[in-house]
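Data block below; observations after.
The values are calculated or read from the model by the stated rules, or taken from the named source; none is laboratory data. These numbers come from a predicted model, not from an experiment. We place every Cβ from the backbone using ideal geometry, glycine too, and count neighbours over all the protein chains shown.
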Amino acid sequence: MRIYPITIFIGAFLLFQVEPMIAKYILPWFGGSAAVWTTCLLFFQLLLLAGYTYAHVVESRLTSRTQVIVHLALLVSCVMLAAWLAMVWKSPILPGAGWKPRQPDFPISQILLLLLVSIGLPYFVLSTTGPLLQAWFARTHEASPYRLYSLSNLGSLLALVTYPFVVEPRLSLRTQAAVWFALFVLFTIAMGLCAWVLWNASAVSSRENIEKDVRAKAVPITVGTYLLWIGLAACASLMLLASTERMTEDISPIPFLWIVPLAIYLISFVICFDNERWYRRGFFHPLLAVAIPMGLIWIADRNRAELFLTRISSEPAQTTLLMQISSICVLLFAICMVCHGELVRMKPHKRNLTAFYLMVSIGGVLGGVVGAVIAPTLFLGNWELLIAISMCTVLLFIVVMRDEASWIHERKPVVAIAVATGTLALAELIGVIGATRTYNLAAMVLIVAFGILVLRGNRISVLSRPGVLLQFSVLAGIFVIAAVEVAAAVNEYRSALMVTRSFYGVLRVASDRATTPEWLGYELWNGEILHGMQFSAPDKRYAPTTYYCPGSGIGLLLANHPNRSEPDPKDWGLRVGVVGLGTGTVAVWGLTGDYIRYYEINPAIIEIATASNGYFTFVHDSAAKVEIIPGDGRLSMEHEVASGNAQNFDVLVIDAFSGDAIPVHLLTREAMRIYLNELKPDGVLAIHITNRYLDLVPITGELARAFNLRGGWISYVPKGNVCTESDWVLLSRSTKVLRQPEIAARLKSLNSPTRVRLWTDDYSNLFQILR
């Protein structure tokens, strides 16, 4: 009996160890966006569905020995393919440099194709392990196979936990891939031993026993049950993707932030499938009832929540970050436990276990498709989290209503009154904190409805029909949740002049709500982060704003560059490269004879900044010659250097942001080599490191020491509302530019008490630089 659990454990470990590995490897190829991981999750779910379908088909259609022959042939083919790729790519699963996309026009399809070619077959084979080996186990053993599913998720969880703390810091990506392939060969051998056990078992007698057991215990599965299996699995899957998106909205997407929600998702599987007694409705349903309003308060009125935390905390930024992540994690755990716990309560007889897992897998894929494909296409905002919460509350209501022994049919008045009181408290709590008419209106409607229901005529109906009141209270709670969600979605974009969403996130243009027309301006927002602002008044239209004001690091550099002091204006010209377009504010510093070359991966940004009748005209109004290169800035510059077309910039500005942070792949040793190859010997690298949650000075300090660069950082705290607090790092191989008095007087040393390890494409660690 030991070989089955050991093989399942190894297979699950390899299955989830390769996920963050391959995602981290291709992350720099697609702009370092959090959507890269979301798309990877969709791929993994699609392959899991394919694997579960394969397991269901071969188990239900083929004899035991035929299954052994087919599956072992598939495993051997997988090993041979990986060995051949190791010779072609120098790695068994990591694609070669030739697969790097020059211009990711369709990132989702390109990522899916890349993953299919690199790890598609081995991942597919590994995904069949859980349901297939459980079915083999059921053929040869009398014990229940469902606990093996819990063991499978435990192996997956161990893989996720060890990756950021053990594997990632110690092994390069190529070494990780080599070790992974060696373990895959070991897994193939273990599968051979499991197949040998099945081959030698009495397949006929085993089948006869199963059929007899089915006739004795199996219960027909209704269409409604199938739909609930799919719906509950889809809800948990969508919640996983939505939580990951929310967590990485303002922080660079890294494996740890991917792994936390995925680990919570798997923990719920481990708990629920290990034993039915671990999932108790009496505990997890109240937990969900508390987690949802707490999460909605944060989602619906984030600014108010942040203001409250700022007042009570000595370190508001870090406290806000931890509170945000913690509230989302608790909500994710509650929803996953309820969805997976109810799945376990409805699990079928073991004869139908492959069909059960197939429905769960279909639900996972549906949730992934909604989160990774449909939502970015149809929805203007990040509403997936709200949709997942709605799905969970509705599905849970249906499940408990179908179960006549559940608490919602409870006849005790005290229970009904308790739930009714809690629903009213929820409405009032959200109404007070939300402080909007929508919230308060929802609370008032509920109060009136309860008054009518409870005090009908001259008698109190609570005592006569408590079950009805209980069900009404739950429906009222769902109504409150729906009202808050609609209000949150509408309120977020009510004042927006334009909203667009793409693979790279949600962008909205809004008015700055100036008190007088002369100070009216337009702002570009990505989530909660301002990415540029321009005044509409003609006399202020070309003024540098936000992070690019005269007192900022980039303003001081471009205004006081030695070329600007040349006697002949013809020699004033600068070649400036900018990674990240935004509103194009850097272009205001361009003079006649200057050349500014922007690198921008997001087509939506390019459209906003260059539209002929748009809100921002920095690019069009610039006196410099401006050119925009579509595609990832690092890959574009890497191609330029490799083709002998280095740009010889006087200034190279790294200003690409994903939410509130520069993508990690733009702050690594490998990226720095590319930057220096694009700069003149006395050129200056300007890195925008403004961040609410992360202190990036130590990282840039390590890069400066590694490449023997001079420079420092400039922190700017402006007065008034035109400019924004900003931090810029200025680095150069020469002191020619940085010794200018206006610049040198403001430079601060990059030496920091926080010691960090140099970031590379193989290693990064955000824990050390949390503010």
### Query
Any residue in the stretch 207-225 that is surrounded by 13 or more Cβ atoms within 10 Å (Cβ to Cβ), at pLDDT 80 or above and assigned to a helix (DSSP H, G or I)?
yes
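Could we say that Ala543 is of a type in the set (A, V, I, L, M, F, W, C) and either farther than 24 Å from Val717 by Cβ or not in a loop (DSSP other than H, G, I, E, B) (or both) here?
no
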### Task
Could you tell me which of the residues Trp37, Trp99 is assigned by TED's automatic domain parsing to the domain that holds Tyr265 and either surrounded by fewer than 20 Cβ atoms within 10 Å (Cβ to Cβ) or of a type in the set (Lys, Arg) (or both)?
Trp99
#### Entry: Residue list for the stretch 706-730, filter: under 32 Å from the mean Cα position of the chain (by Cα) and in a strand (DSSP E or B)
Trp713, Ile714, Ser715, Tyr716, Cys723, Ser726, Asp727, Trp728, Val729, Leu730
### Summary
Of the candidates Leu114, Leu85, Leu94, Leu75, the one satisfying the condition of being closer than 20 Å to Leu46 by Cβ and either free of Cβ contacts under 8 Å to residues at least 60 places away in the same chain or buried (at least 18 other Cβ atoms within 10 Å of the Cβ) (or both) is Leu114
### Message
Let me confirm something: among Glu518, Glu528, which residue is closer than 30 Å to Leu591 by Cβ and either at pLDDT below 70 or not basic (Lys, Arg) (or both)?
### Response
Glu518
#### Entry: Residue list for the stretch 620-656, restricted to those being closer than 20 Å to Pro28 by Cβ and of a type in the set (Val, Ile, Thr)
Ile629, Val641, Val653, Ile654
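Being surrounded by fewer than 24 Cβ atoms within 10 Å (Cβ to Cβ) and of a type in the set (D, E, K, R) is the requirement here; does Asp632 meet it? Spell out how you get there, then give the answer.
Numbers: surrounded by fewer than 24 Cβ atoms within 10 Å (Cβ to Cβ): no; of a type in the set (D, E, K, R): yes.
So Asp632 fails the test.
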### Query
Cβ-Cβ below 8 Å, separation at least six or inter-chain, first residue in the stretch 256-280 and within 18 Å of Leu42 (Cα to Cα) and assigned by TED's automatic domain parsing to the domain that holds Glu245, second polar (S, T, N, Q) and assigned to a loop (DSSP other than H, G, I, E, B): which pairs?
Leu257/Thr248; Trp258/Thr248
### Task
Give the number of residues within the stretch 165-199 that are buried (at least 21 other Cβ atoms within 10 Å of the Cβ), at pLDDT below 85 and under 24 Å from the mean Cα position of the chain (by Cα).
1
### Message
Looking at the stretch 654-666, can you tell me whether even one residue there is at pLDDT 90 or above, over 30 Å from Leu322 (Cβ atoms) and within 31 Å of the chain's Cα centre (by Cα)?
### Response
no
### Selection from the stretch 369-382 of residues that are farther than 12 Å from Gly505 by Cα and surrounded by 21 or more Cβ atoms within 10 Å (Cβ to Cβ)
Val370, Gly371
### Message
Tell me yes or no: at least one residue of the stretch 735-743 is of a type outside the set (Ser, Thr, Tyr), touching a Phe, Trp or Tyr at 6+ places or on another chain (Cβ under 7 Å) and in the same structural domain as Asn708 (by TED's automatic domain parsing).
### Response
no
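So which residues in the stretch 677-705 are more than 12 Å from Ile769 (Cβ to Cβ) and touching a Phe, Trp or Tyr at 6+ places or on another chain (Cβ under 8 Å), if there are any at all?
Selection gives Glu678, Leu679, Lys680, Gly683, Leu685, Ala686, Ile687, His688, Thr690, Leu703.
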### Message
Please determine whether any residue of the stretch 320-330 is assigned to a helix (DSSP H, G or I) and crowded, with 24+ Cβ neighbours inside 10 Å.
### Response
yes
### Task
Would you be able to say whether some residue in the stretch 416-438 is surrounded by 13 or more Cβ atoms within 10 Å (Cβ to Cβ), modelled with pLDDT of 80 or more and outside any helix (DSSP H, G or I)?
no
### Message
Looking for something farther than 30 Å from Arg669 by Cβ, β-branched (Val, Ile, Thr) and touching a helix residue (DSSP H, G or I) at 6+ places or on another chain (Cβ under 9 Å) - is there at least one such residue anywhere in the stretch 75-82?
### Response
yes
### Query
Given (1) surrounded by fewer than 17 Cβ atoms within 10 Å (Cβ to Cβ); (2) within 20 Å of His688 (Cβ to Cβ), where does Asn648 come up short, assuming only one miss?
(2)
